[in-house]
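A short worksheet on the structure shown next.
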Amino acid sequence: MSDTVVRVENLAKRYDIRHLNQPANSTLKDAITSGAKSLSRILTPGKNKTNPNREEFWALKNLSFEIKQGDVVGIIGRNGAGKSTLLKILSRITEPTKGRISIKGRVASLLEVGTGFHPELTGRENIYLNGAILGMSRIEIKRKFDEIVDFAEVEKFLDTPVKHYSSGMYVRLAFAVAAHLEPEILIVDEVLAVGDVQFQKKCLGKMGNVAKEGRTILFVSHNMSTVESLCNRGVLLEAGTVGLDGTADEAVRYYLERAYGLAKELPLIERRDRAGNGKVRACSFRILNEQGEEEPALQSGKNYYFEIGYTNNTGNRINNAVVCLDLLDERGMRVMLLKSTFTNHELTLNPGKGFVLCGIKNLPVVQGLYRATLHISYADREVFDHIEDAVTVSVDGGDFFGTGNPGIPNLCKFL
């Protein structure tokens, strides 16, 4: 139809993952031998069909949908569902393995920090470069220039190469350029999370204005409240396929039902929807009271320990480890973040099985059902394990203020 601006047909994207089980070529002889084996596999396709050192991973599988002009589409799903891969293909950054896409109109994209700008060019030069890529004349760009600079709040650094910008400055300018150069289609990944809260609100307001002008927006977010308020349509991706395509409210409701269900049904040790290299894995989670006894639920105002069991598969002690527990409400809003580095205490993980205790006094969370994300890493650099919706945590009332009042769950989350 004439008002269709994005059409995706049987889209698929495959990545070949190499597993470094064998040592790297250390001599010329090793390199020649390895090359000969590869050539043999090419010349004799009937033999050695599988390569034990390589694995096919399909990030997207047979996706098909259409987006109409003026649609504001929230693309949601768990980590690894294929959201960012889809946006990269729609932005012409990555080529699909199969299928085809048709796009009508100019596309401006704001993906991960580091894409879209030339690091050696100044902020000013990158504004003109991006406008030229979008097919705008220098006069058109100049007409929007002051508006972009004012929105990004980087006037003092406009003639500085963007490689010297902080991540926050970079995102501010990148969003301002993408939103103000009047694209027919605006694609935004959750890179906005890098900016401060005030700028995030500013960006969401600008996207709302862009939508009112009849332009099309594709927006990836883990914040369900934002998706519901900004979007009129929701596309839920599950393991590279479309799990649901409907209104934003329908997609969010379905996503949350699946998230809570997964956290309840599968033991932590059996979860496969996790990121990280697997050197350390979270394998259990318990809530303990002050006496060390397990509790099925929490109460506001009481003291607790969160026990996170782990398996260290390296066979060695790991110093400078970081363990993080992120508590989210039913709309994906962060309510509380507990992180081992907040106490300036260096955490060591012993080889084999062990556990980490995180104590919290006078629990300040009101009655409700929450989801927890678990994260284990080395010095915030190497991710060992990351599980969204790892467990559900229930808060059943309590007396935070000692008044006999269990709190005001309908009006707040944090006491």
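Values quoted throughout were computed directly from the atomic coordinates according to the rules given, and no laboratory measurement underlies them. Just so it is clear, the model here is predicted, and its values are computed rather than measured. All Cβ positions, even for glycine, are placed from backbone atoms using ideal geometry, and neighbour counts span all protein chains on display.
Annotations
- A Cβ-based charge dipole, computed about the Cα centre of segment 298-361 with Lys and Arg at +1 and Asp and Glu at -1, lands at about 80 debye.
- For the chain, the antiparallel share of DSSP beta bridges with both residues in that region comes to about 80%.
- Our summary of shape: the Cα atoms of segment 107-265 have principal axis extents of 54, 31, 28 Å, ordered from largest down, in whole angstrom.
- Phi-derived couplings, Karplus 6.51 cos²θ - 1.76 cosθ + 1.60 at θ = phi - 60°, listed residue by residue for segment 117-132: 10, 8, x, 7, 8, 6, x, 4, 5, 5, 4, 5, 4, 5, x, 5 Hz, with x used for Gly and Pro.
- Loop-resident GluC sites (Glu not before Pro) (DSSP state other than H, G, I, E or B) in segment 325-382 with no more than 12 further Cβ atoms inside 10 Å of their Cβ: Glu346.
- The antiparallel fraction among DSSP beta bridges confined to segment 158-286 stands at about 55%.
- Cα-centre dipole for segment 271-398 with unit charges at Cβ (Lys and Arg positive, Asp and Glu negative), debye to 20: 380 debye
- Among Val220, Val72, Val356, the largest mean-square fluctuation in a Gaussian network model of the chain, built with springs joining Cα atoms closer than 10 Å, belongs to Val356.
- Selected from Tyr128, Tyr255, Tyr15 as most flexible by GNM, with the chain as the system and alpha-carbon contacts under 10 Å: Tyr15
- Measuring nothing but how far apart in sequence close Cα pairs (under 8 Å, 6+ apart) lie, relative to its length, segment 58-260 scores a relative contact order of 35 percent.
- Measuring between alpha carbons in the structure, the pairs from Lys88/Lys202; Lys279/Lys353; Lys144/Lys206; Lys264/Lys353; Lys83/Lys144 lying more than 20 angstrom apart are Lys88/Lys202; Lys264/Lys353; Lys83/Lys144.
- Positive dipole terminus of the chain, leading residue within Asn303, Leu87, Ala174 (C-beta point charges): Leu87
- Taken over segment 271-398, the convex hull of the Cα atoms encloses 105 Å³ per residue.
- Couplings for segment 81-94, taken from phi via the Karplus curve 6.51 cos²θ - 1.76 cosθ + 1.60 with θ = phi - 60°, read 6, x, 4, 5, 4, 4, 5, 5, 5, 5, 8, 6, 8, 10 Hz in order; Gly and Pro are left as x.
- Two-decimal Rg to Rh for the chain - Kirkwood Rh, Cα set: 1.01
- Full-extension gain in nm, Gln291 to Ser102, via 0.36 nm per residue minus C-alpha separation: 61.8 nm
- Note on segment 58-260: antiparallel DSSP beta bridges, both residues inside, total approximately 25 percent of the bridges counted.
- Note: relative contact order over the chain, using C-alpha pairs below 8 Å and six or more positions apart, is 14 percent.
- Computed [θ] at 222 nm, helices only, for the chain once each DSSP H run of length n ≥ 4 contributes -39500 (n - 2.57): -8000 deg cm²/dmol
- Here the label points at Asp150 and Leu129, each 7 Å from Cα along the C-beta direction, are separated by 2.7 nm in the simple model.
- The string of couplings for segment 142-156 from the Karplus curve (6.51, -1.76, 1.60, θ = phi - 60°) is 4, 5, 9, 4, 4, 5, 5, 5, 4, 5, 6, 6, 10, 4, 5 Hz, one whole number per residue in order, with x for Gly and Pro.
- Of all aspartates and glutamates in the structure, those lying under 16 Å Cα to Cα from Lys13, and not within fewer than 8 positions of it along the same chain, are Glu55, Glu56, Glu95, Glu238.
- At full extension, Leu347 and Arg331 could sit 2.6 nm farther apart than now, given 0.36 nm per residue minus the alpha carbon distance.
- Summary value for segment 103-175: 41 percent relative contact order, contacts being C-alpha pairs under 8 angstrom separated by 6+ residues.
- Förster-model FRET efficiency, 51 Å R0, Leu266 and Ser64, C-beta, rounded to 0.05: 0.95
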